[in-house]
Amino acid sequence: MADAVDIIRELWRSERPDLDTWPVSIVGRVQRLSRILERELKAFDNRHGLESGEFDVLTTLRRSGPPYRMTAGAFLKASMVTSGAITKRIDRMEARGLVERVRLPAGDRRSVQIRLTEKGIQLIDELFPLHLENEMRLLQALSAEEAEQLAGLLRRLLESFGDTSLN
């Protein structure tokens, strides 16, 4: 069964038979899959009253362990969000009582930390199992063995770009 990427490659074979389009078979699918997964994850967040990126804030702080707080710099390294949107996102989440900013003693150059509130802990503890079920649904086309193989291949590709730690 052909997918959209197969059709794209076939069109290129017709137009430029001199080019080997094998990279499109991977990069094109990863790009298309990324868009689909982002759309599905955003829909999950929205169904649970979260805006884009807020789920990641909650999970980043929750997995950091007690006292569930991090400096802004450490948070940016450990999360999957960009620095550009983080201030507004934290402002919105703070207004809803999910996180709070903790001022550190004067002279501490890390001066502010972001901390998960009790309300935020309860919310993420409720949502994370549902999130995992949703991700399992998104990956149901793969057997356990295929999923493990794909994870290994993606890990190798990420490692080749130096994406090997949260720091």
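Per 0.36 nm of contour for each residue apart, how much would the distance between L132 and E100 grow if the chain were fully extended, relative to their Cα-Cα spacing?
Going from the current span to full extension adds 8.9 nm.
Quick check: the angle from helix 83-95's long axis to the longest principal axis of the chain, C-alpha only, nearest 10 degrees?
In the chain, helix 83-95 runs at an angle near 50 degrees to the longest axis.
Considering the Cα positions of the chain, please state its Rg to one decimal place and its Dmax as a whole number of Å.
Gyration radius and largest Cα-Cα distance of the chain: 20.2, 67 Å.
As an exercise, use a Förster radius of 25 Å and the Cβ-Cβ distance of R63 and V27 to find the FRET efficiency, rounded to the nearest 0.05. Let's see the in-between values first.
Details: r = 30 Å, r/R0 = 1.20.
My answer for the efficiency is 0.25.
Multiply the residue separation of E145 and V112 by 0.36 nm, subtract the distance between their alpha-carbon atoms, and state the gained length in nm to one decimal.
Result: 7.5 nm gained on full extension.
For the chain, what does the relative contact order come out to in percent, with C-alpha contacts under 8 Å and a separation of six or more? Working shown, then result.
Values: 115 pairs, mean separation 29.8, N = 167.
Value for the chain: 18 percent.
Helix 144-160 versus the longest principal axis of the chain: what angle, 0 to 90°, nearest 10, using Cα atoms?
80
Just subtract the alpha-carbon distance of S165 and E10 from 0.36 nm times their residue separation and send over the number in nm, one decimal.
52.0 nm
I need the peptides 42-48, 149-155 ranked by packing, meaning the mean over residues of other C-beta atoms within 10 angstrom, with the highest value on top. Spell out each step's value before the answer.
Numbers: 42-48: 14.0, 149-155: 11.4.
Top of the packing list down: 42-48, 149-155.
Could you work out the equivalent-ellipsoid semi-axes for the range 11-66, taking the square root of 5 times each eigenvalue of the Cα gyration tensor, largest first, in whole Å?
39, 14, 6
Computed FRET efficiency, Cβ-Cβ of D3 and E51, R0 25 Å: what is it to the nearest 0.05?
0.20
What's the FRET efficiency of K119 with K77 using the Cβ-Cβ distance as r and R₀ = 22 Å, to the nearest 0.05?
Numbers: r = 25 Å, r/R0 = 1.15.
My answer for the efficiency is 0.30.
FYI, it's all coordinate maths here, none of it is from the lab. Note that this is a predicted model, so its numbers are computed, not measured. So basically every Cβ, Gly included, is an ideal-geometry build from the backbone, and we count neighbours across all protein chains shown.
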